[in-house]
Each structure stands twice: as structure tokens, then as C-alpha cells.
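Scroll down for the structure; my scribbles are underneath it.
Bear in mind that the values in this text are calculations on the coordinates, not laboratory data. Remember, predicted model here, so these are calculated numbers, not experimental data. Here the Cβ positions follow ideal geometry from the backbone for every residue, glycine too, while neighbour counts run over all protein chains shown.
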Amino acid sequence: MNRHRAVAFRAIVQIGPRHWAVALPFDPVSQWSTPARPLWKCGHGHRVRGSLNGQSFKGSVVERAGAFWLLLEESLTAAMGVSIGQSVDVLIEPEDA
């Protein structure tokens with residue numbers, strides 16, 4: 001993990017239309033000086049790696065409704081016993097760091 005690019009924060013797990021997610025307290029484009037890139041057929045964002053309550057993961061950050069969101073795999077949150085409305089410790093950096 002690159003200490004200079006990694007960002008740590010605490011967030012509340014929320015549910016969106018398709019994913020569980022946590023809101024980022026920063027703009028990844030400004031923070032990392034990295035533009036959004038294609039992630040899948042109709043979406044752009046940032047591929048990231050890091051930890052959620054100390055458990056390593058890889059994921060995606062996307063912009064929705066004027067905010068940036070870290071999408072969480074349900075399998076990750078289930079394995080950790082994390083539920084909607086719970087606070088979690090997040091540490092992320094761009095995957096290419």
C-alpha cells in the first residue's frame with residue numbers, strides 16, 4: 001500500500017439500487033490526480049484496493065448523484081458480518097498505485 005496515496009476514513013454502509021456502498025469523503029480525481037476510467041459497459045470510475053475493517057479487498061469507486069461511492073461486494077460484507085447502517089473503517093488507494 002502506498003502511504004502517500006492511500007486514504008483512510010470511517011463511513012456508514014448504505015444500500016443503493018444495485019450495490020451496498022460507502023460514501024467517500026473526498027473526490028478521487030482531485031485526491032489521486034487520476035481521471036475516471038471505463039469499469040464496465042456503461043460505467044466509469046476508479047479501480048481501488050484496500051481494506052474494510054482490516055480485511056483486504058479490491059473494488060470500484062463510482063460517481064452517483066454528485067457523490068463518490070465505494071461499491072462493496074455483498075460477499076465481502078457478509079463474510080465480515082457487516083450490515084446496512086454499520087460504521088466501517090476504510091483504507092483505499094487506486095489499484096495502479
What is the Cα coordinate range of the range 42-97 on the first, second and third principal axes, sorted by size from largest, in whole angstrom?
-> 30, 27, 18
Diffusion coefficient in µm²/s returned for the chain by Stokes-Einstein, Kirkwood Rh over C-alpha pairs, 20 °C and 1.002 mPa s, is 159 µm²/s
Extreme residue, positive dipole direction of the chain, given options M80, A11, G45 (C-beta unit charges) = G45
Only loop residues by DSSP count here, and only those with at most 16 other Cβ atoms within 10 Å; note down the GluC sites (Glu not before Pro) in the chain that meet that.
-> E73, E95
Based on the Cβ-Cβ distance of V29 and S75, what FRET efficiency does E = 1/(1 + (r/R0)^6) give at R0 = 35 Å, to the nearest 0.05?
-> 0.80
